[in-house]
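Enquirer: Take this structure, written in C-alpha cells, and hold onto it; I'll ask about it next.
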Amino acid sequence: MTAHRIHAIDLARTLALVAMAGYHFTFDLMLFGHLPPGFVFQGPWPLIARAIASSFLFLAGVSLWLAHGNGIRWHAFWWRFALVAGAAALVTTATYFSMGAQFIRWGILHAIAAGSLIGLLFLRAPVILTVTVAAAAFAAPHLGRFDVFNAPHWVWLGLSTEIPPMMDYEPLLPWLCPVLLGIATAKLMTRIGAWDSLRRWQPGRIGRALLWPGKHSLAIYLIHQPVLFGAVYLFTRFL
C-alpha cells in the first residue's frame, strides 16, 4: 500500500507510548505509596487506560492495511506476527514468575497479535461489514457473559462472568473492535487519497527525534515498565 514509511504513523505511536508510560509511572507511584491506594482505578483513569490501549490496537489495524492492503506479504506478516506473539509470551512468562496469581494471561500484545491475524480476513471485506463486525465485537461482552467461558482456556475470549485478577487484560471481545476500526479507517483514507498527503509530510529535527520511539514501539513497550518500576523503587528505597 505504501512504498515509504509514513512518519505520521510513527508519531502517533510515539504519542501512544508517552501516554502509556505516563499511566504506568502513575501506577508505580501508587504501588509504592506515593499516591493513594486505588488511585489509578478511580475517576478518569480507567477511561484513560482504555483509550491508550485502544490507540495501540487502532494503529495496529491501520498498519495492517498499509502493509498488506494491496496484497498480503506473507513473509513480512509472519515475521511481525512472530515478534509480537513471542513478546506476548515473554510478558506472560515474566509476569507469571514476578506477579504470581496476577500474571498477565492475555494483555495488549496478545490482543494485537490475535487482532492482526483476524484482521487479515477483513482486508478485502467491505468497510460497512468491517465496521458492523467491530460494533458486534464491542457489544458482545456487554450483551452477554456466560459461566461456560469461566474455564481458564477461554480467558482470551472475554465472555466469562468471572475475570481472573491480572495486571493487564484486553480479551478478544471487545478489543477486536479498535483493530477493525483501524482497518476500516485506513481503507477510507486510501479512497480519498489521505495517505498520499501524509506521505509527503517531512518532520523537522525535533519531529525526527520524536519518530524514533514510534519506530521501535515493541522494544520500548517491553522495557519501559521495568525501567520505570526500578526507578520508582530506587527513589523510594534510597531517597
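The values are calculated or read from the model by the stated rules, or taken from the named source; none is laboratory data. These figures come from a predicted structure and were not determined experimentally. Please note: Cβ atoms are built from the backbone with ideal geometry, for glycine as well, and neighbour counts cover all protein chains shown. The protein model used for the area step is the full one, side chains on, heavy atoms only, and it has no ligands, DNA or RNA in it. Shrake-Rupley method; radii C 1.70, N 1.55, O 1.52, S 1.80 Å.
Enquirer: Filtering region 11-25 down to residues that are in contact with a helix residue (DSSP H, G or I) (Cβ under 7 Å, 6 or more places away or on another chain) and open to solvent by 20 Å² or more (accessible area, probe 1.4 Å), which residue is nearest to residue 211 (Cα to Cα)?
Expert: Within region 11-25, the match that is nearest to residue 211 (Cα to Cα) is 11.
Enquirer: Here is a follow-up. Counting only residues that are basic (Lys, Arg) and farther than 20 Å from residue 20 by Cα, which one in region 185-239 is farthest from the chain's Cα centre (by Cα)?
Expert: This residue is 237.
Enquirer: Only one of 81, 122 is within 25 Å of residue 217 (Cα to Cα), at pLDDT 95 or above and open to solvent by 50 Å² or more (accessible area, probe 1.4 Å). Can you tell me which?
Expert: The conditions single out 81.
Enquirer: Identify all residues within region 87-125 that are in contact with a helix residue (DSSP H, G or I) (Cβ under 9 Å, 6 or more places away or on another chain) and outside any helix (DSSP H, G or I); write none if there are none.
Expert: 103, 104, 105, 106, 107, 123, 125
Enquirer: Shifting gears a bit: Inspect all residues belonging to region 186-196 and state whether any of them is in contact (Cβ under 8 Å) with a residue 60 or more places away in the chain, crowded, with 17+ Cβ neighbours inside 10 Å, out of contact with any Lys or Arg (no Cβ under 7 Å at 6 or more places or on another chain) and under 18 Å from residue 112 (Cα atoms).
Expert: The initial filter retains those residues of region 186-196 that are in contact (Cβ under 8 Å) with a residue 60 or more places away in the chain, namely 186-188, 190, 195.
Of the ones still in play, those that are also crowded, with 17+ Cβ neighbours inside 10 Å are 186-187, 190, 195.
Subset that is out of contact with any Lys or Arg (no Cβ under 7 Å at 6 or more places or on another chain): 186-187, 190, 195.
From what's left, under 18 Å from residue 112 (Cα atoms): 186.
Checking region 186-196: at least one residue is in contact (Cβ under 8 Å) with a residue 60 or more places away in the chain, crowded, with 17+ Cβ neighbours inside 10 Å, out of contact with any Lys or Arg (no Cβ under 7 Å at 6 or more places or on another chain) and under 18 Å from residue 112 (Cα atoms).
Enquirer: Can you tell me which residue among 112, 108, 163, 128 is in contact with a Leu (Cβ under 9 Å, 6 or more places away or on another chain), open to solvent by 20 Å² or more (accessible area, probe 1.4 Å) and either closer than 23 Å to residue 181 by Cβ or not basic (Lys, Arg) (or both)?
Expert: From the options 112, 108, 163, 128, the qualifying one is 112.
Enquirer: Determine which member of the set 63, 54 is in contact (Cβ under 8 Å) with a residue 12 or more places away in the chain, open to solvent by 20 Å² or more (accessible area, probe 1.4 Å), touching a Ser or Thr at 6+ places or on another chain (Cβ under 9 Å) and not basic (Lys, Arg).
Expert: Values: 54 fails: touching a Ser or Thr at 6+ places or on another chain (Cβ under 9 Å).
Selected residue: 63, the only one of 63, 54 that is in contact (Cβ under 8 Å) with a residue 12 or more places away in the chain, open to solvent by 20 Å² or more (accessible area, probe 1.4 Å), touching a Ser or Thr at 6+ places or on another chain (Cβ under 9 Å) and not basic (Lys, Arg).
Enquirer: So which of 238, 146, 138 is open to solvent by 30 Å² or more (accessible area, probe 1.4 Å) and either closer than 30 Å to residue 65 by Cα or in contact with an Asp or Glu (Cβ under 7 Å, 6 or more places away or on another chain) (or both)?
Expert: 138
Enquirer: Which condition does residue 86 not pass, out of (1) free of Cβ contacts under 8 Å to residues at least 12 places away in the same chain; (2) open to solvent by less than 60 Å² (accessible area, probe 1.4 Å); (3) under 20 Å from residue 186 (Cα atoms), if it passes all the others?
Expert: Here residue 86 clears every test but (3).
Enquirer: Another question, if that's okay. Please go through region 37-51 and pick out each residue that is within 13 Å of the chain's Cα centre (by Cα) and open to solvent by less than 20 Å² (accessible area, probe 1.4 Å). First the steps, then the outcome.
Expert: So the first thing to find is which residues in region 37-51 are within 13 Å of the chain's Cα centre (by Cα), and the list is 49-51.
The answer is none; no residue qualifies.
Enquirer: Taking region 134-184 as the region of interest, how many residues are within 15 Å of the chain's Cα centre (by Cα) and in contact (Cβ under 8 Å) with a residue 40 or more places away in the chain?
Expert: 16
Enquirer: For residue 186, are the conditions met, namely being in a helix (DSSP H, G or I) and either under 27 Å from residue 78 (Cβ atoms) or of a type in the set (A, V, I, L, M) (or both)?
Expert: So residue 186 fits the description; yes.
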